[in-house]
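Since the structure comes first, as structure tokens, the remarks are kept for the end.
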Amino acid sequence: MPKISVEIPKELLDDLDAHVGDDGKFVNRSDAIRASIRKTLDLLDDIDARHGRLEDDESA
């Protein structure tokens, strides 16, 4: 799996860390960030579909 690095504000990292670990929803930061990216991309796909901006797989 490729690795990337990002810079985020400390406040955002603190909020993320509150959801990571034994008492959190995610095992580690990477898991939380992957889930967030997936959710965001799904939301963007839904918005694009509502506005007719998704390419039709059959015509490609």
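The values are calculated or read from the model by the stated rules, or taken from the named source; none is laboratory data. Worth saying up front: this structure is predicted, and the values here are computed from it rather than measured. Glycine also receives a Cβ, built like all others from the backbone with ideal geometry; neighbour counts cover every protein chain displayed. Side chains included, ligands, DNA and RNA excluded: accessible areas come from the protein's heavy atoms. Shrake-Rupley method; radii C 1.70, N 1.55, O 1.52, S 1.80 Å.
Assorted remarks:
- Placing unit charges on the Cβ atoms of the charged side chains and taking the dipole of the chain about its Cα centre, the candidate lying farthest along the positive direction among 37, 49, 18 is 18.
- Accessible surface of the chain [probe 1.4 Å, protein heavy atoms]: carbon and sulfur percent: 53 percent
- Projected label distance in nm at residue 53 and residue 36, using a 7 Å step from Cα toward the beta-carbon: 2.2 nm
- Listed values (1) 146; (2) 68; (3) 96, entry calculated as volume of the Cα convex hull per residue in Å³: (1)
- Per residue, in Å², the accessible surface of the chain once ligands and nucleic acids are set aside, probe 1.4 Å: 95 Å²
- Using just its DSSP H runs of length 4 or more, each adding -39500 (n - 2.57), the chain gives a mean residue ellipticity at 222 nm of -16500 deg cm²/dmol after division by all residues.
- With the highest mean first, a sort of the peptides 19-31, 3-15 on other beta-carbon atoms found within 10 angstrom per residue produces 19-31, 3-15.
- Neighbourhood charge, 14 Å Cβ-Cβ cut-off, centred on residue 46 and excluding it, Lys, Arg +1 and Asp, Glu -1: +1
- For the chain, the Cβ-based charge dipole about the Cα centre amounts to some 200 debye (Lys, Arg positive; Asp, Glu negative; other atoms uncharged).
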